[in-house]
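Values quoted throughout were computed directly from the atomic coordinates according to the rules given, and no laboratory measurement underlies them. Everything numeric in this text was worked out from a predicted model, so none of it was measured. Backbone-built Cβ (ideal geometry, glycine too); neighbour counts: all protein chains shown.
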Amino acid sequence: MSAWVKQRQRGFTIVELLIVIVVIAILTAIAIITYNGVQQRARNAVILNDLDQLRKVLETYNAENGQYPATTNNSKTNWRAIDVYTDADCTNGSSQADWIPNIIDLPQSGQSKMSGADGKMGCYLYVSDGKEYVMSAWNMLASPQTTPFYRRLGFREFQTESSTQFYTCNSGPVGGVSGGYDSSKDYYKHSYTISNITDCNETPPNGA
């Protein structure tokens, strides 16, 4: 009888069980965060590769045709503010599979939907007058990035589902500058952008 009592006394106390549960919960949370981080990096790598391959396609197209695929024939000098194409999975803008004209088998943003700046969803966007172009995985990154694909040019955020996107050059509101810099509201840093535009002053704001 006494041996049985001693054996029972060796069991876990409530406090010890709570400690074990807390430790398991912490380890689980760390594992989930690590897994999500790996997933995010893998997803970003796919997006980067897609854009880099498309950059090569654009340069080949330009070499063969004397211009880049154009989204507009508008003769206005402010071509950068009109006719931006968005991919088929984008809930805003033109929403078309051929978001770069005359180019087939383009990636779509449907499999890469994650909230970017301001908690909003982004997608692939492209605009060109034939001479200059901007191509972007716009606001598709969950966390701010500073890679060679980080440019402080791109597009303004959507205002309505049918609104036209506008090209922006280092815009304060789009770039997270509104009463002080906030990287969580910086659309440029939540995007990968490729462009041959050189006349945009892309000097980052203080804190970026």
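Sorting check: for 118-125, 137-144, 52-59, which peptide has the highest mean count of neighbouring beta carbons within 10 Å, and how do the rest follow?
The densest-packed peptide leads the list: 137-144, 118-125, 52-59.
List the residues, sorted by chain then number, that are 5 or more residues from Ser94 or on another chain and whose placed amide H is less than 5 Å from its amide H.
Sorted by chain and number, the residues that satisfy this are Thr86.
Can you list the HN-Hα couplings for the range 54-63, worked out from phi with the Karplus curve (6.51, -1.76, 1.60; θ = phi - 60°), rounded to whole Hz and with x for Gly and Pro?
These are the phi-based 3J(HN,Hα) values: 5, 4, 5, 5, 4, 5, 5, 4, 5, 5 Hz.
What ranking do Leu51, Leu153 get, fewest neighbouring Cβ atoms within 10 angstrom at the top?
Taking fewest neighbouring Cβ atoms as first place, the list is Leu51, Leu153.
Taking amide H atoms as placed 1.01 Å from N in the peptide plane, list the residues 5 or more away in sequence, or in a different chain, whose amide H sits under 5 Å from that of Gln145.
His190, Ser191
Extending each Cα 7 Å along its Cβ direction at Asn206 and Ile104, get the distance between those two points in nm, one decimal.
In this crude spin-label approximation the distance works out to 5.4 nm.
Taking amide H atoms as placed 1.01 Å from N in the peptide plane, list the residues 5 or more away in sequence, or in a different chain, whose amide H sits under 5 Å from that of Phe155.
Residues meeting the amide H criterion: Thr168.
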